Amino acid sequence: MSGDELELDLGLGVLDHQLVDSEGRNCGNADELEIAGISTGEPEVTEILVGGNAWRSRGLFGRIASALSGDAVHVPWAEVDEIAAVVTLKKTARELRLGRGDDRAAKLVERLPGA
């Protein structure tokens, strides 16, 4: 994102939106946001949290999924290129450590007959 001032409703414009890497690959959803500077009155988004323990605030099923999936991936806010219908990132999923669950699932699915 550029240094231009931008007014954005984070709850509607970012949270739960699909993340798309620089190659156009879907690589998860923005599950939580890390915000710094709240106590100083100058809040600033620093990271997007994807998967893992970012789900723990999502009720019973979120806590279960969080316990089974480990740590969330932290994507620096500086890696966000554009916010529209999806959140487009500046780097590839591999560079940001995203999409690893999809990669593992693809290996299992390709073994299924007719897949």
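The values are calculated or read from the model by the stated rules, or taken from the named source; none is laboratory data. Here the structure is a predicted model, which means the values were calculated and not measured. Glycine gets a Cβ as well: all are built from the backbone with ideal geometry, and neighbour counts include every protein chain shown.
The table below lists the values:
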quantity: Any chance Leu19 is of a type in the set (A, V, I, L, M, F, W, C) and modelled with pLDDT under 90; calculated: no
quantity: Leu98, sole failed condition from (1) farther than 17 Å from Val20 by Cβ; (2) at pLDDT 70 or above; (3) out of contact with any helix residue (DSSP H, G or I) (no Cβ under 8 Å at 6 or more places or on another chain); (4) not polar (S, T, N, Q); calculated: (1)
quantity: Top-ranked residue in the stretch 72-95 [being in contact with a helix residue (DSSP H, G or I) (Cβ under 7 Å, 6 or more places away or on another chain) and at pLDDT 95 or above; ranked as nearest to Leu19 (Cα to Cα)]; calculated: Leu89
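Yes/no per residue for (1) exposed (fewer than 14 other Cβ atoms within 10 Å of the Cβ); (2) assigned to a helix (DSSP H, G or I); (3) modelled with pLDDT of 90 or more; (4) among the hydrophobic types (A, V, I, L, M, F, W, C):
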position: Ser2; (1), (2), (3), (4): yes, no, no, no
position: Leu6; (1), (2), (3), (4): yes, no, no, yes
position: Leu12; (1), (2), (3), (4): yes, yes, no, yes
position: Phe61; (1), (2), (3), (4): yes, yes, no, yes
position: Ile64; (1), (2), (3), (4): yes, yes, no, yes
